[in-house]
Protein chains: 4
Amino acid sequence: MTSTIESVRSRPVSSGIPERSRIPVGVLGASGTSGAELVRLLSEHPQAEIRFATSRGDAGRFLDEIEPSAPAVRLVHPDDVNPRDVEIVLLCVPHGTAGAAAAACANAGCRVIDVSGDHRLSDAAEHRRVYASERDESLAAEAVYGLTELCGEELGTARIVANPGCYATATALALAPLAEAGKLAAGALPVVDAMSGVSGAGRAASARSHYCSASEDVRPYSGGRAHRHVPEVEQLLRRMDPAGAEHRIVFTPHLVPLNRGILASVTVRGVSEADVRAALQRRYDGCAFVRVLPAGRDARIRGVTGTNRAHLAVTPVDGTDAVVVTSVIDNLLKGAAGQAVQNLNRMTGLPETTGIPGAQQ
Amino acid sequence: MTSTIESVRSRPVSSGIPERSRIPVGVLGASGTSGAELVRLLSEHPQAEIRFATSRGDAGRFLDEIEPSAPAVRLVHPDDVNPRDVEIVLLCVPHGTAGAAAAACANAGCRVIDVSGDHRLSDAAEHRRVYASERDESLAAEAVYGLTELCGEELGTARIVANPGCYATATALALAPLAEAGKLAAGALPVVDAMSGVSGAGRAASARSHYCSASEDVRPYSGGRAHRHVPEVEQLLRRMDPAGAEHRIVFTPHLVPLNRGILASVTVRGVSEADVRAALQRRYDGCAFVRVLPAGRDARIRGVTGTNRAHLAVTPVDGTDAVVVTSVIDNLLKGAAGQAVQNLNRMTGLPETTGIPGAQQ
Amino acid sequence: MTSTIESVRSRPVSSGIPERSRIPVGVLGASGTSGAELVRLLSEHPQAEIRFATSRGDAGRFLDEIEPSAPAVRLVHPDDVNPRDVEIVLLCVPHGTAGAAAAACANAGCRVIDVSGDHRLSDAAEHRRVYASERDESLAAEAVYGLTELCGEELGTARIVANPGCYATATALALAPLAEAGKLAAGALPVVDAMSGVSGAGRAASARSHYCSASEDVRPYSGGRAHRHVPEVEQLLRRMDPAGAEHRIVFTPHLVPLNRGILASVTVRGVSEADVRAALQRRYDGCAFVRVLPAGRDARIRGVTGTNRAHLAVTPVDGTDAVVVTSVIDNLLKGAAGQAVQNLNRMTGLPETTGIPGAQQ
Amino acid sequence: MTSTIESVRSRPVSSGIPERSRIPVGVLGASGTSGAELVRLLSEHPQAEIRFATSRGDAGRFLDEIEPSAPAVRLVHPDDVNPRDVEIVLLCVPHGTAGAAAAACANAGCRVIDVSGDHRLSDAAEHRRVYASERDESLAAEAVYGLTELCGEELGTARIVANPGCYATATALALAPLAEAGKLAAGALPVVDAMSGVSGAGRAASARSHYCSASEDVRPYSGGRAHRHVPEVEQLLRRMDPAGAEHRIVFTPHLVPLNRGILASVTVRGVSEADVRAALQRRYDGCAFVRVLPAGRDARIRGVTGTNRAHLAVTPVDGTDAVVVTSVIDNLLKGAAGQAVQNLNRMTGLPETTGIPGAQQ
């Protein structure tokens, strides 16, 4: 691996900030959906400088030929980059391969943000069951689960951060504060119906992502508790619950015909609207990217598209003991690349909102 | 009101069936979304003959100028038609106005299929609460709730049929057989997350139905138990339950960016997959339009678009006592015009599938 | 190849027509976009009976698993069918392979409708240049170019019919009557900007057909005179021109974000609106599927979606010698499967509209 | 009119630039599609400060309730603002009303950028014919036609700038350099087929902009030379032509199912690819927002969505004397709000790209 600083053809318009002070970063797996979005964000980030953006299959091409909304950064082969050139590596490679890459980077002295699923589950056996792959368990044991608003101070010193899944982010933002407040009864079994745009499935062409299949359709998939993001959420709820109780969820994801966005409709029994609202507001007070909407205003995907925001709406179900929390995010931003940059900012001591669209004012 | 047989400019290609044997029908409110779909179906129905199709606002225009997929039938003003010219009147006028129209038609000796909500709720006080309008309660007391597969022999002699709502149809097809089988515990509180295409909101132009608002968005609305279709479903569950128990549901509808189709994701606790599957199969065995999908096959909207079919899929939720039933229909067919024709066929002794797309073979 | 009559699991609802009188047909390449649409149409055709529907890659599966709008016909391997079981074979296999299949079928005594491009161009050298493949030139010499409204009586006795391309159909319907009427000056160089839905590119998953690429985009491709449908159109214009003059066209196709439909915007200089309108009306007078719209009414894709219709609108360009003809079709019906059935009807002496949606009344 | 600086609830995150140095601006008609986009851009512009954003119908509401992608700026009634509070007023009110507003602002000493059509046509009679309304002709005589790349130094001192129409921008960027280079023959009659997303029609709900009408459709409208943007383009071509020759164009706009974006497909005869390419490159050399794509790369809308960029592709038509130039822009940015800010930057001596997404690096 050799340095490829020259591989970046185009540079952001100078912001007047001295080059020297910028944080050198690298993106592994830059041609995927999350990777390209991350390159787009980082190329406009006033304090970061992309030293390399790799792609195994598309090395040599410019990223905007693959994803027209991304900048014209030349992709290099991962064998041709040196992690020692950067301070932080962001991993957007497929799960199953991120484990080894993370270990290599950590050994080279880099800090790592893993956007894949390889470091999200702390239990080794659970990880193997869910992802059917191996990883460096000692490194995994260090990983901070980077749902930024729910992390403590750990990000500041973390060597490796596991960036949460998109569905997990939308779901956990709604549920974790309830668990934390002790308002989630054992066996409450929250019901989560979630809907994701097609970008959630990545760039790979498939029968399912074909325009003529995805348009004019809604379809469920990976129902029951089979989706890989379920154990992430359940692990977090257990951690947040002061009693450490286990919480299962019903999770039914659906593919809907839009590009970007996730809506999670979360129905919880045994709580009051006031309790839910209080728990959410306490947790997200002062957060730049999470907004609890006033009563009567519905959370819609368009309210967060193109931003790192999450909107949460709370609706009581008249005549019952149930409350519905609707949570919306842009799956590529708060659900992936945006949250990765948010974590990067926290890891490096920058203001949390630096270079991220949608901060509340 | 005078006869306007001449108002129908174009006639279906002759099917060789003698004109004399066709059932004369009329459609009031033909320029709305359901009305236009109904005219389209009836114009190709081999045993029905449209004698009039009315519109208060678009009288004089041809229907295909308003809805290009509909035939070129000339719309007439409702004051210019005589219900005595027809055997059955189909009401697609807005709720609140269908009550009076139904009474006038019934007094003229017609049978009525009311596609609006005006005769769905049998309790007068409940009707007033939900629809904030009056109706002829003695006629309402006669109304048969026309969810065809769940009706008995009543349709054969019914003077008035209340065609169910689109969301109610999708939801009730999933839940009513469980209630009927005694498998729906009191307080089970099924959670229904439903998604509808934009045609469900009708043809009226609004900020919400604007292309630039509805595309690239998903938004909930009328959450809690506030949607008008909720009492319909709860009334039916009570009737189907052998113990007559009351059943409430959590119902959260969402607007999704497609033209046609509804998906209802119904989560029920306290039942086994086998029980659910058995209850559904027993109820829908031999039904031409309802199919319980084999295990492992997901119910998707595209599987029913353009047909009168409903597909039901049953998914157990591993490690819990919950089962998810996904129910999909085309909101304009099984959810409105298709079911209306299905009811018309049953009312007149025709084979149930006559002139309706999507019958199973 | 052995008979596989039993391969069709489900049969159309009996129409009362004796089975014996139905025309036995087979579809080769039934799992592609055009093939599946053809099976859908033929399965509801009152006078045709599908004896086999083949797929090399999906043999053994039911067609509705691949294309949910299609019927549940079991696909068989092409090696397992016998063309002698049928009267007409419809070829929906890729161009380059249809030539050999057509020859085999013809040798077995079948008549052939080739939906691929393999028999559209009569000149052997031109065919090789455009399609870079070989075919049986003696069979090709017999092929009738099946743009139904522009064919004479030849279809009745044709052994092989070349079903036109989708863009070619939309374009030629607008231009051929002008050439026929001698109103297309040499060198007039009509400018054709055409837009097609994504189904025009077939079912193969690709970067281009990915929902997240095709939605929210319009893109030109194969511009200049590079598209394969250009020589088809130019060949037809030469044949229709009483003077046999050569006519070139500028043809720029665009991919637009919809499922089905083609719009061709055809600008012609040196003609008057009256001349154009007269030529079109003369040619299409009495045609069940082609409608010349009255002045002031725009041709829109939604006016023909789901039907075999073509709508043509004529707009003069004020202050110039140019006229714009807009031509719209459903690319899978009039542009492929619908026209194939229209040709089948003409080949077998059935009424032209039998079993085809959208005939004018 | 009183100052309403306090009406802006939320302020951009401080950029460290002293408040004092920011240019105070006001937006009249901020709740429309262009107005909301302009507020979005200006609220993030490092050197501008929005002092008021008005709406006659929505005064008192926050803009993000109307357009979720816009910031939460409180709209005020136009009677409650004082143009003296600002240096530049941007007019996004409907044409026909901008004329009077411009005069009032100019009289109060403001400079004006009129995003409506009221000052685009210099000839008074032509203006009346096209827009059927009156304006202050002496002010109109001063107006600079603000197609930024084609303006000279006039913007620096202009009191009023007429921001071009969206279709006019896309079309003129392709054609004006040819006229300027003397390569557009008299009578060449370029053929422009253009396609616009639905936002081009504004926010007003109508039958045409209804999701269920616009989706799955393409439709032409205002064909011939009837569209209001035609005289703008023809006026500019005349001005750019060194011989001052008049040039007519065939212009056929189409509504396509996407939110944002315009593609203009411009076919010109009598020119060579090399001539066209040379004329475009000469004109746009060094321009931050206009890119002439290399041969073989198609101009697609997704390449410019969300940016102020224009992409131009040049395709020769083999065997003819025609060349096709494809021009794509985001209709709300380069076609409206983005170009308005570009003009504002030039008017005030700021770097042209300040605060505008998509500058080339």
Exercise. Across segment B:208-219, in residue order, what do the Karplus-derived ³J(HN,Hα) couplings come to in whole Hz, using 6.51 cos²θ - 1.76 cosθ + 1.60 with θ = phi - 60° and x for Gly and Pro?
Worked result: 6, 8, 4, 3, 6, 9, 7, 6, 6, 9, 10, 9
For this session: Could you tell me what % of all Cα pairs in segment A:219-315 have separations over 19 Å?
Result: 55
Exercise. Roughly how many Å is it from the Cα centre of segment D:267-330 to that of segment C:122-185, as a whole number?
Worked result: 34
Exercise. Amide H of D:L189: which non-local residues (sequence gap of 5 or more, or other chain) have their own amide H closer than 5 Å, using H built in the peptide plane?
Worked result: D:R248
Problem set entry | DSSP H segments from chain B that extend 20 Å or more along their own axis, Cα-based, with Kyte-Doolittle mean of 1.0 or above | B:166-180
Exercise. In percent, what relative contact order does chain C have, based on Cα pairs under 8 Å that are 6 or more apart in sequence?
Worked result: 16
Problem set entry | Backbone HN-Hα couplings from phi across segment A:50-62 [Karplus 6.51/-1.76/1.60, Hz, Gly and Pro as x] | 6, 8, 8, 9, 10, 8, 6, x, 10, 3, x, 8, 8
Exercise. Hey, for B:G109 with labels 7 Å out along Cα-Cβ, what do the inter-copy distances come to in nm, ordered shortest first?
Worked result: 6.1, 8.4, 9.9
For this session: Restrict the search to segment C:118-175; then list the chymotrypsin sites (Phe, Trp or Tyr not before Pro) that DSSP places in a loop and that have at most 11 other Cβ atoms within 10 Å of their Cβ.
Result: none
Exercise. At what distance in nm do the modelled label points of C:R238 and D:H77 sit from each other, each positioned 7 Å from its Cα along Cα→Cβ?
Worked result: 7.3
Exercise. What are the distances, in nm and sorted shortest first, from the label point of D:T320 to the label points of the same position in each other copy, with each label point placed 7 Å from Cα along the Cα-to-Cβ direction?
Worked result: 1.3, 6.0, 6.2
Seminar exercise, completed: Listing B:L90, B:L139 by rising number of other beta-carbon atoms within 10 angstrom, fewest first, gives B:L139, B:L90
Problem set entry | Using a 7 Å Cα-to-Cβ projection, C:R228 label spacings across copies, nm, ascending | 3.7, 4.5, 5.2
Seminar exercise, completed: So, over other residues within a Cβ distance under 9 Å of B:E246, counting Lys, Arg +1 and Asp, Glu -1, the net charge is 0
Problem set entry | Theoretical ellipticity at 222 nm over chain C - DSSP helices of four or more residues, -39500 (n - 2.57) apiece, nearest 500 | -7500 deg cm²/dmol
Seminar exercise, completed: Of all DSSP beta bridges having both residues in chain A, the percent classed as antiparallel (nearest 5) is 45
For this session: Please turn the phi angles of segment D:153-162 into ³J(HN,Hα) values with the Karplus equation 6.51 cos²θ - 1.76 cosθ + 1.60 (θ = phi - 60°), one per residue in order, whole Hz, x for glycine and proline.
Result: 8, 4, 4, x, 10, 4, 7, 9, 10, 8
Seminar exercise, completed: In debye to the nearest 20, the charge dipole size for chain C, taken about the Cα centre with +1 at each Lys and Arg Cβ and -1 at each Asp and Glu Cβ, equals 360
Exercise. In terms of modelled amide H atoms, which long-range or inter-chain residues lie less than 5 Å from the amide H of D:Y145?
Worked result: D:A162
For this session: Would you please state which residues of segment D:68-99 a label at D:R61 would reach in this model, taking the label point 7 Å out along Cα→Cβ and a backbone N cut-off of under 11 Å?
Result: D:68, D:75
Exercise. Could you give the dipole magnitude of the protein assembly as shown about its Cα centre, charging the beta-carbon of Lys and Arg +1 and that of Asp and Glu -1, in debye to the nearest 20?
Worked result: 0
Seminar exercise, completed: Using alpha carbon centers only, segment A:186-226 is separated from segment C:68-107 by a whole-angstrom value of 35
Problem set entry | For B:F62, B:F251, order by how many other beta-carbon atoms lie within 10 Å, fewest first | B:F62, B:F251
Exercise. For chain C, treating each Cα as an identical point scatterer without solvent, what Debye log10 I(q)/I(0) comes out at q = 0.14 1/Å?
Worked result: -1.16
Problem set entry | Cysteines (scope chain A) whose Cβ has no counterpart Cys Cβ under 4.7 Å | A:C92, A:C151, A:C166, A:C212, A:C287
Seminar exercise, completed: Which residues qualify? For A:V76, with a placed amide H closer than 5 Å and at least 5 residues away or on another chain, they are A:A53, A:T54, A:S55, A:G60
Exercise. In debye to the nearest 20, how big a dipole does segment C:42-141 give about its Cα centre with +1 on each Lys and Arg Cβ and -1 on each Asp and Glu Cβ?
Worked result: 140
Problem set entry | Closest approach to the C/A rotation axis among chain C Cβ atoms, residue and whole-Å value | C:A205, 2
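Read the figures in this text as sums done on the coordinates, not as results from a lab. Remember, predicted model here, so these are calculated numbers, not experimental data. Quick reminder, even Gly has a Cβ in these numbers, built from the backbone with ideal geometry, and neighbours come from all protein chains shown.
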